[in-house]
Structure formats: C-alpha cells, structure tokens
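The values are calculated or read from the model by the stated rules, or taken from the named source; none is laboratory data. The model shown is predicted, which means the values in this text are computed figures rather than measured ones. Because the Cβ atoms are built from the backbone with ideal geometry, glycine has one as well, and the counts that use them run over all protein chains shown. These area figures cover heavy atoms from the full protein model, side chains too; ligands, DNA and RNA do not enter into them. Shrake-Rupley method; radii C 1.70, N 1.55, O 1.52, S 1.80 Å.
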Amino acid sequence: MATPPTLDGTCKLLPAPAPGSDVFATVAAEYAALAAEHGPRNVLVLKRHPAGLESVAEALADAGRGRNDGGPRSPRLESLPEHASKTIEEYDPTLDRLEYEERIELISLVIDGASRSVPDYLERAADHESFARDVGQLLLAATRQRLDLDDLESPHDCLAFLYAMNDRFHAELEDRGYVERADVIPRAVDLLEADADGVRSRVTASFDAVFAVEFEEYRRLDRRYLAALSDDADLVCIGERHASVERTRVEPGCLEDVARDAGLEIEPLEPVSAGETADGPPHHPVTRFLATGDRPEGRNDTDAGSAAGRPVGRARRIRTETAREQVRAVATEIQSLSDRHGWSYDEFAVAVPRIERVPETRRRLRDAGVPTATIGTPSLAEDPAVNELYAVVTCQCERDDDSDALERLDRDPSRGSSDPREVSLNRLRARVPEFSTRMLAETDGASVRRSLERWIGRTDLKGRIAREETWVDAREQYEGIRRVLEIARFVEETDLVGPDWQGLRRMLRRTIRYDAPYVHAVETRPPVGGVTVCAVDDLKYDSRQAVFLLDLIDETYPGEQFLTQLFPSAWLRTMPAYPAVTDPSLGETAETFAPVDATAVGDPFETYHAQRSRRRLALGARAAERALYLCSYERGAGGLQRTHDESRYLKLLESTPGLTLADVDAAAGAAIHGETNAVEALLDQPRGELERVLREASTGGEADLGATEALFEEIAVVLEDGDIDDELAEAIRSQFEFAAGEVVRDD
C-alpha cells in the first residue's frame, strides 16, 4: 500500500449536512475570501464529483458579482476527474479516452481470449442478466483504487480471475494508446508525482490557490492528486461531517480523522444562512436526525417548539398501495403545489433509489400530465432510433451475404415472423414511410459510418423524431444516434472487429446487450423547464423548493443486498481484496457513522452499509428548501397478501419525539389537480354515478337522483359551452353510452 498523501493546508468542516442553499452560500463566502486574497484568476476550484457542478458554479458566480477588479465573473471550477483528464492531455495530447461502448467490446475480447480457467461460480453466474454489469462495476472500482493482482495477498479465486483480466485489459489499453475513464485519476497522480516531462510545473503555473469542495468524498488517490497539485499553492478544503457516501464505501473513518491524518489543519465552520429563517426549512431537524442521529429534544432548551413539547421537525408522507399509485400521487401533489405557490416545474425534484428507475418514473409522471426535464442516455435497447439503425445494420449484413436475399424474403409468403431478418424489415416498414429494400441499396457504401449517415438523411430520421416525439425524448434519441455513429467510427478505426457491417453488428449487439440505462451523464437542468427525475445521490449538491424521495420501503432503504449482486453477502465478508469496505470492525463502524453505538452492533458489515443508505436519504432530503415528501408503497408478500413494509428509517422518524410526518391524502377522492387528472375524473363520472345509484338500489337504500341529475347537467353545460376539445367531448359522450349499456355504437 502506498504511503498516505501529505496535504499542507486547511480543512474547514461544517458540523452536519446543512440545507442546500446554506451550503452554496458557505462555499461562495469561502471562495470569495480566497479570490480577494489571490485574485479570481488564480484560484482553482475542484469539486470531487461532476453532479451538482452547475449549482456550485452559479453560487460562485454570484459571489463574484459586483467586483471591480476586472477579474472574470465565471470561476475556474472543474470536477476532479475533469481536471485530471486535462492533466493527462497536457502530458500526451495523443492519448484517447476509451468510450463506454469501446470498453465493453475490448474487455469482452480480453475475457474471451483468457488462458486462465474461469472459476465455476463465475461460469454459473454468467447466466444472470446483471452479470456483465456487476462485473463491469467491480472492475471500474478496482481500477479507480488501483488494485492490481500482484499487490494482493491470497485473493478469492473469483477476484483473482477478474483482477487478472483487468490487468490484461489495461495492458491492452496501454499498447493501443487508450486510457480508461476510471483510470484517469490514477494515471494523472503518477504523472504529477513524477513531474513527467515537467507536466506538474505546466499544470500548476496558472493558479496560486486550490479550493477543494466536497472534501468528504475525496478518496486516497484523490487526496494524492490534490497533494501533488497543491504542493506550491495555498490549499483550502471544505467538507461536511456526516455527509460522505462514496468515500465511506471504500474507506471507513470519520471526515475529521481523514483530514487530520492527511496533515490538514482542522477548522470548524458554521454554515452561512441563506434561508428565510435562521432555523432553516421545517424538515431540517428530520435531515439532521437522519444524518447524525441528533434528536430534536437535545436542542437548546430555549427552543420554543421543544419547550412546549410540540414537534420541531416536520416532513410530509405519501403512502399508496402500489408503486404506480405512488408516482401518480406525487404527480397530483406537484400540480397542487404548483397551483398554490406558483412554483415552476423546475423547482421540483423526484429522487429514486437507483438510476435504473429514472426512465419508468419519468414516463409515469409525464403520463399523469407532469412535464419532466431530466435528460440522459437510456438503455440502447429501449431507444426507438437505435433499434431502427440496428435493423438497418442487420439488413445490410444480409445484403452483404446475398444482395437479393431481402427481396426474396419480401416475396416469400411462408416467411416466419420470428426470423431476425423479417423482424428488422417489419421494424423499418413501421418506422419509415414508403420503405423499400431499394432504400437500403441506395444508402449502402464502403464506409459503414457514412452509410448510416446517408440513411439518417435519406429517411429524415432526425426530422421524424422532432415531429413525433416530445423534446426530451427527441434529445435522448439524438444522443442514441450519436452513440451508434461513434460505434461505427470506432469499428472503422480499430482492429478489434472488422470495419464492415458484420463487425458493426457484432459490436452494436454486444453494446445493446450489456448497456445499462442512464450509465452516462444525466442533465437535470436543461433550458426548458420540467420536474427533475434523478437518482437520490445526484441531489447532494442541489436545491429545489420541493423534493419527493420515492420507494421508502425496507427492501430499498437500507436494502438487503449491499455493494453488489455478484457475490453473496457471506462471501463479501471474507473478501478483503474486494474494492469496498467488507470487514469493518465495531470501532470503525461507530467512528464512521454517528448514530451507531458500538456496543449495540450485531453485524458490523450490515450495519455499516445500512448507515450509508441512511445518509443517502439525509443528503437527498436536505436538497428540499420548502417541502420534503417521503413516499412509500405496499408490496406483495406472497399470494394475495400485501404489506406496507416501510423503511426502518421512516418508522424511526415517526417514533422520534419532536419529529412528525404529516400524511398527504392520496385517495381517489382527494382534490383534483392538473389537466390530465381532471380529464380522467370527468371521464369516470358517468359510469361512477350509475354504479352508485345501482349500489343503493341493490341494497335497499335511497339514491339521491337530484344530485346525479345536477352533476350530469353541469357536464352537459361544459360540453355545450364549446370551449373543449372535440375528441374529449366525444369521449365523454361515449362514457354516457357505455354506462347505459350501449357498448356497440351505431354512428
């Protein structure tokens, strides 16, 4: 193990996660002090993770407004991986960063060509759908931490095989002049520490001070990079106690100990208040309790709310029967808040536990009439434009083998609908107006990339997307097209596969199979407004008026499977070579997480990572400036049984004196908000009223027909008013006919 880095500077620590706006105000104030001393041109600001970079940039730019020193108002702000990437480019501009798709192909070839025998367990595990993704995440983590097989003592057979493949993979990269994104920081650390070709002098000549933001997430190699970068510069770090989620995944210990061991001078820092009240939002005690375990009754006795025995921390809770109803209730509440407070949709955020849940959640919100703004790259398998281009590639492969094959297939009445060639042709017929096999011949050429570009232009693919899709879907499908064209470019330039349709089909098929939804950058504040839908981790450096945390069930927070699905938890506990904390001691668990009592820990491994999950909730909650919603739903428990298995942290909040969870009415009879909900309610009323009358009649009751008649008269007035869509009016009339038993209409 390499010696720990030595940092010469100051680390200013906030006592606990503060409201997002307060964090931004505090960071801006510290930056302003450094800029005043050294000049804004000479202060380099580094944030550990790219997520939330835009919000920090806005806060720092606000700190620079009003200066008369002629300096730039835009701060020199970069994420640590971005800066490390530029350092590598400074040393060798010819190095290429390996794209995600290229990585999939190259590592697959390395594993396919392995001479080492594959362990039986991995052979069996390879049949599972998530196997490739889990292995990829493990190798990425090992690369980021520079875990080489030769440096490990008696690793598990499965880890030994995977690490050997990773070492061979990186040897291939070096031979080909590539650098993997996960290897950017380790490679940059080597260059700076060795001052290879004077790179450190060139990189550090342009600044006199380094301001390290989000220091609680800087890991061992990150701190080494920072040490090499700030050797001749003033270093100021700012971090939050009880806020590390990513660093604690791989390193135990509290932030103060990490900073002190690195040689930094510790300074306590109180947050600068940017809120309307000194106490912050009403749910701030909830956030603090989740992060630190501090109970409201432990606050100063002068707190009026606490002294009177009234709750001092308040969040809202949404409970529904199904996950679908959960999202629908969230949509209704968003529309209600927007109507009551005049908040624009981009003042809302909906956070899911895993990024894979983003596409479905976003779709359901939009179906409920709520515009969403999150843009990312969904799984290629779910992208209609990518599927069209893959169908083109499949058909061109068939034409390469036999130029008349598609025409014969088109004329063959006995062709099978499951034939991959027929599936591709049917997809193109459905997608492209006036499609014919002649179009494939007209766009084919020597270059697969230029051939695809001709198809895109000849069939007006981008125009069709723009006309038929919403702007969010259009942006994502354009990105999918770009990725396919990049894969085609790579196929033509590499010797990994043949530079032809067969080679492109092989690589594209493998990429689609192993691609994970939203593995690429997600833009949460695009130019056009809408509700942000993101993973809860992306809210750490964000601030919205209202935040909805979804899926607060025990199966998710804290969950049952920690770190990976690749190995059983019992195995992980005996795998010290795994690139994460797998065997924490009682003392390490208690030191890392404030709420933990070392004497009450039964299973240190489970407790340790469950507390990481609790912190994720806290950091997502603190992004809410005015309103926090904790949302859960029932789940099946076998047969027809259902149970409302709420997260243990939700139950803990409910049972803590001084904290309260106010239930939001998610029932069908709740107030109606939003155009979509209003339309659906209107369409349901004719049948609903008839069923109410029939129920009363069948049980001997008395139905108030006067109320029914009044309701129907109101609907008739609306229909006759003329200010209503013709199709909607026709749909409402149809509902009356269906309610009357006229299932088949005689128009």
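For Ala132, the criteria (1) surrounded by 19 or more Cβ atoms within 10 Å (Cβ to Cβ); (2) more than 26 Å from the chain's Cα centre (by Cα); (3) of a type outside the set (Val, Ile, Thr) hold in every case but one, which is (2). Test Ile465 against the stated conditions and say whether it is at pLDDT 90 or above and not assigned by the TED database to the domain that holds Val392. No; evaluated as a whole, the condition is false for this residue.
Residues in the stretch 483-495 that are open to solvent by less than 10 Å² (accessible area, probe 1.4 Å) and either not hydrophobic (A, V, I, L, M, F, W, C) or not assigned by the TED database to the domain that holds Arg510 (or both): Arg483 only.
Here Thr470 fits the description: at pLDDT below 90 and surrounded by fewer than 14 Cβ atoms within 10 Å (Cβ to Cβ). When Glu240, Glu267, Glu246 are checked against the criterion of being open to solvent by 50 Å² or more (accessible area, probe 1.4 Å), touching a helix residue (DSSP H, G or I) at 6+ places or on another chain (Cβ under 9 Å) and either under 22 Å from His38 (Cα atoms) or in contact (Cβ under 8 Å) with a residue 60 or more places away in the chain (or both), Glu246 stands alone in meeting it. Are any residues in the stretch 317-330 within 14 Å of Asp665 (Cβ to Cβ) and touching a helix residue (DSSP H, G or I) at 6+ places or on another chain (Cβ under 6 Å), and if so, which ones? Matches in the stretch 317-330: Ile318, Thr320.
Does Asp339 fit the bill of being under 28 Å from Glu646 (Cα atoms), surrounded by fewer than 20 Cβ atoms within 10 Å (Cβ to Cβ) and in contact (Cβ under 8 Å) with a residue 12 or more places away in the chain? Taking the combined requirement at face value, the residue does not satisfy it. Looking for something aliphatic (A, V, I, L, M), modelled with pLDDT of 85 or more and part of a loop (DSSP other than H, G, I, E, B) - is there at least one such residue anywhere in the stretch 542-561? Checking the stretch 542-561: at least one residue is aliphatic (A, V, I, L, M), modelled with pLDDT of 85 or more and part of a loop (DSSP other than H, G, I, E, B). Asp231 meets all of the listed conditions (1) surrounded by fewer than 19 Cβ atoms within 10 Å (Cβ to Cβ); (2) farther than 21 Å from Val189 by Cα but one, namely (2). Scanning the stretch 97-113 for residues that are surrounded by 13 or more Cβ atoms within 10 Å (Cβ to Cβ) and over 26 Å from the mean Cα position of the chain (by Cα) returns Leu109, Val110, Ile111. With the structure loaded, tell me whether Asp301 is modelled with pLDDT under 80 and open to solvent by 30 Å² or more (accessible area, probe 1.4 Å) or whether it fails that test. Spelling it out, Asp301 is indeed modelled with pLDDT under 80 and open to solvent by 30 Å² or more (accessible area, probe 1.4 Å).
Can you find, within the stretch 473-482, the residue that is most open to solvent (accessible area, probe 1.4 Å) among those that are under 19 Å from the mean Cα position of the chain (by Cα) and in contact (Cβ under 8 Å) with a residue 40 or more places away in the chain? Out of the qualifying residues, it is Arg475.
Among the residues making up the stretch 31-49, those that are open to solvent by less than 30 Å² (accessible area, probe 1.4 Å) and part of a helix (DSSP H, G or I) are Tyr31, Leu34, Ala35, Pro40. Consider Glu217 carefully, then state whether it is modelled with pLDDT under 95 and either open to solvent by 50 Å² or more (accessible area, probe 1.4 Å) or not hydroxyl-bearing (Ser, Thr, Tyr) (or both). For Glu217, the condition - modelled with pLDDT under 95 and either open to solvent by 50 Å² or more (accessible area, probe 1.4 Å) or not hydroxyl-bearing (Ser, Thr, Tyr) (or both) - is not met. Elements of the type helices (runs of 4 or more DSSP H) sitting completely within the stretch 50-118 and holding at least 2 residues that are among the hydrophobic types (A, V, I, L, M, F, W, C), modelled with pLDDT of 90 or more and not assigned by the TED database to the domain that holds Arg509: these cover 53-64, 80-91. Here is the figure for the stretch 539-594: residues that are touching a strand residue (DSSP E or B) at 6+ places or on another chain (Cβ under 6 Å) and under 23 Å from Ala164 (Cβ atoms) total 0. Scan the stretch 76-125 residue by residue and report those that are over 30 Å from Phe567 (Cα atoms) and in contact with a Gly (Cβ under 9 Å, 6 or more places away or on another chain). Within the stretch 76-125, Asp92, Thr94, Leu95, Asp96 meet the criteria.
Matching residues to (1) more than 24 Å from Glu216 (Cα to Cα); (2) open to solvent by 10 Å² or more (accessible area, probe 1.4 Å):
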position: Ser543; (1), (2): no, yes
position: Ile553; (1), (2): yes, no
position: Trp571; (1), (2): yes, yes
position: Pro584; (1), (2): no, no
position: Ala594; (1), (2): no, yes
position: Tyr608; (1), (2): no, no
position: Arg614; (1), (2): no, yes
position: Gly620; (1), (2): no, no
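Ala212 meets each of the listed conditions (1) in contact (Cβ under 8 Å) with a residue 12 or more places away in the chain; (2) open to solvent by 50 Å² or more (accessible area, probe 1.4 Å); (3) out of contact with any Pro (no Cβ under 8 Å at 6 or more places or on another chain) apart from (2).
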